[in-house]
Amino acid sequence: MSAALMTGTQKAALLLVQLGKEQAARVMAQLDESEIEELTTEIARLERIDASAAESVIEEFYNASMGPRGLVGRGGLTFAQQLLEASVGRDRAADMIERLASSLQGQPFEFLQYADARQIVGLLNGEHPQTIAVVMAHLRAEHASQIMTGLPPDVQAEVAHRIALMERASPDVVSVVAETLQRKASAVLTPTEASAIGGVQPLVEIINRADPTTEKAILEGLEQRDKDLAEEVRSRMFVFADITMLEDRAIQLVLRGVEMSSLATALKGASDEVRDKILANLSERARENLVEEIDLLGPVRMSVVEEARASVVQAIRQLEETGQIVIRREGEDEYVS
């Protein structure tokens, strides 16, 4: 689907996916429930979309932030950066502004920015290492890294060496290299090839990074709109009760990073199965202290309990992301040693 045919909600959903999971979750936390429901539904429906459409939506957002009101006495990029910082945080805003500003100035290798890394490797095949180095130096670090991985080892070393020694490149030389590659690219690259940017899994990863209130609003909204979709999302998420599915070693790693007071609150009203699983992975002294702390808490508001459980789940998800533990979802095959 082209950007021109997309609704405002679809564009907003696409933009959130482009922002990344953590920042998208932070943005969604600032929205009301009806807006969250609409956006999450659209994110789940975004299976594949033209790379050019994604770029167009980002540019539209940038241009909107640079509108007449923002320019009055503020300065274009300065106001845009302030707006983005307020929306997505300073680090992410700086990264976005750098890319967008470069785009507006007309990057010599802009036609490669959203091309598949494997296609670019094919395009650069047979080119002089200095040419490859010039191209790589003009691309995003993450993108250039993917391309470097696809190059032969001897070429990797030569290109890396030339990039390290490169301080400045003549604009005329860069322009000639860009024009030559762009002509060659027309037969090699397919810049309008659909890229996977949405779907259920990206939505699950966004929800996993949202606060408990936003998570609840999203799931309830999906339930009302599409019960099957809501069930699929829930089946892919890790919730506090799923802690019984973790191996003992994984639970022990999790417990090292969770405050005992937070753990005690999280276990208030928990099932015997969850409680026993956690207690079994503590030393006798720690187990006695935890049980005593749970008893001393007395009645606790459910919202406080949910917040504590969310912090435990967040610790689990972070350990999974860094590869320190493996979460076995329901229905997945078990490993055999």
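The values are calculated or read from the model by the stated rules, or taken from the named source; none is laboratory data. In this text, all values refer to a predicted model and were calculated from it rather than measured experimentally. Counting neighbours? That spans all protein chains shown, and the Cβs are built from the backbone with ideal geometry, glycine included. The area values use the complete protein model at the heavy-atom level, side chains included, leaving out ligands, DNA and RNA. Shrake-Rupley method; radii C 1.70, N 1.55, O 1.52, S 1.80 Å.
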For Asp172, the accessible surface traced by a 1.4 Å probe with all protein chains present amounts, in square angstrom to the nearest 10, to 120 Å²
Can you tell me the order of 137-144, 115-122 when each peptide is scored by its average per-residue count of other Cβ atoms within 10 angstrom, highest first? 115-122, 137-144
Which of Thr244, Thr213 is most accessible, then next, and so on - probe 1.4 Å: Thr213, Thr244
For the stretch 109-179, accessible area per residue (1.4 Å probe, heavy atoms of protein chains only), Å²: 56 Å²
Relative pair counts by distance (%), Cα atoms of the stretch 249-308, 5 Å bins: 4, 18, 32, 29, 13, 4, 0
How much accessible area per residue does the stretch 210-261 have, counting only protein heavy atoms and a probe of 1.4 Å, in square angstrom? 56 Å²
Within the accessible area of the stretch 206-337 (1.4 Å probe), percent carbon and sulfur: 45 percent
Which net charge results when you count Lys and Arg as +1 and Asp and Glu as -1 among the other residues whose beta-carbon is under 14 Å from that of Ala266? 0
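Length gain on complete extension for the stretch Ala137 to Val326, per 0.36 nm per residue less the alpha carbon to alpha carbon distance?
So the chain would gain 64.4 nm between Ala137 and Val326.
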What does the net charge come to around Asp295 if you take all other residues with beta carbon closer than 12 Å to its beta carbon, with K and R at +1 and D and E at -1? -2
Positive dipole terminus of the stretch 197-302, leading residue within Val258, Phe240, Val300 (C-beta point charges): Val258
